[in-house]
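We did not get these values from a lab; they are worked out from the coordinates using the rules stated. Worth saying up front: this structure is predicted, and the values here are computed from it rather than measured. With ideal geometry, Cβ positions are generated from the backbone for all residues, glycine too; neighbour counts draw on all protein chains shown.
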Amino acid sequence: MDAIDILMNEHRHISRILDLLERAVARSREGEDISAVLFERIARFLLTFVEGSHAAKEDELFQAITAQGLPLSQGVLGALSTQHSLGREQAETLRQSAGAVLRSGAEPEEMYVCVEHYVRLLRVHTEVEETRLFPLVRRLLPVDVMERVRAKFARIEAAHGPLDDAVDALELAFPQPLTDARRQPRGGR
Ligand SMILES: [Fe+2]
Ligand SMILES: [Fe+2]
């Protein structure tokens, strides 16, 4: 796996968390009791793994692109970096709104809206990375530079732990009715 494979693999796992969050909001609005503890736990995951280690890896990649003077639009890199900052802010806002539900008796609707904002941002952001940035990087960044970036990724991961294990643990922590399989009626289709 090269550096881009690692990032795209993490995108797949992050997407599982975005799906989980969306289903949690939909189920909660339908009246299911899903504790704000779980939303707070996901917000901490987002801050540590998505806006922490994943974005830090991508920032290393952005720096390598800039240092190599690749003919990539600085506008794209600038927009992606700004979205990393915005993602951190939104994940922190989600953490705080989950805390307000848990400890101050706040209504959960604000927390659900935070989830919607975050999921929307991250889906657009990820699509831009995968369609506009990564193919060019793979084509234009020299192999030795790619290897150095990958070595930096390993150091970042050592500080945070593996993202996929954290996603598995979060999925297990959520109530069973959130899984699609349990939504399918038996004997149907
Ligand atoms: Fe990113
Ligand atoms: Fe990404």
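Just checking the listed ones, Gly87, Gly75, Gly161: in the Gaussian network model of the chain with Cα springs under 10 Å, the one fluctuating most is Gly75. For the range 1-108, GluC sites (Glu not before Pro) are listed when DSSP marks them as loop and at most 15 other Cβ atoms sit within 10 Å of their Cβ; the list is Glu30, Glu32.
Given their separation in residues at 0.36 nm each and the Cα-Cα distance between them, Met8 and Glu171 gain 56.7 nm when the chain is fully extended. Taking the Cα centre of the range 136-180 as origin and assigning +1 to Lys and Arg Cβ atoms and -1 to Asp and Glu Cβ atoms, the resulting dipole is close to 480 debye. About the centre of its Cα atoms, the chain shows a dipole size close to 280 debye [charges on the beta carbon of Lys, Arg (+1) and Asp, Glu (-1) only; nearest 20 debye].
Here the range 44-131 has an Rg and Dmax of 15.4, 52 Å, counting Cα atoms alone. Remark: spin-label model distance Ala158-Val143 equals 2.5 nm, labels positioned 7 Å along the Cα→Cβ axis. Tell me the Kirkwood hydrodynamic radius of the chain in angstroms, computed as one over the mean inverse distance between distinct C-alpha pairs. That comes to 17.8 Å for the chain. When the Cα positions of Ile4, Leu163, Leu102 are compared along the charge dipole of the chain, Ile4 comes out farthest toward the positive end, with charges on each C-beta of Lys, Arg, Asp and Glu.
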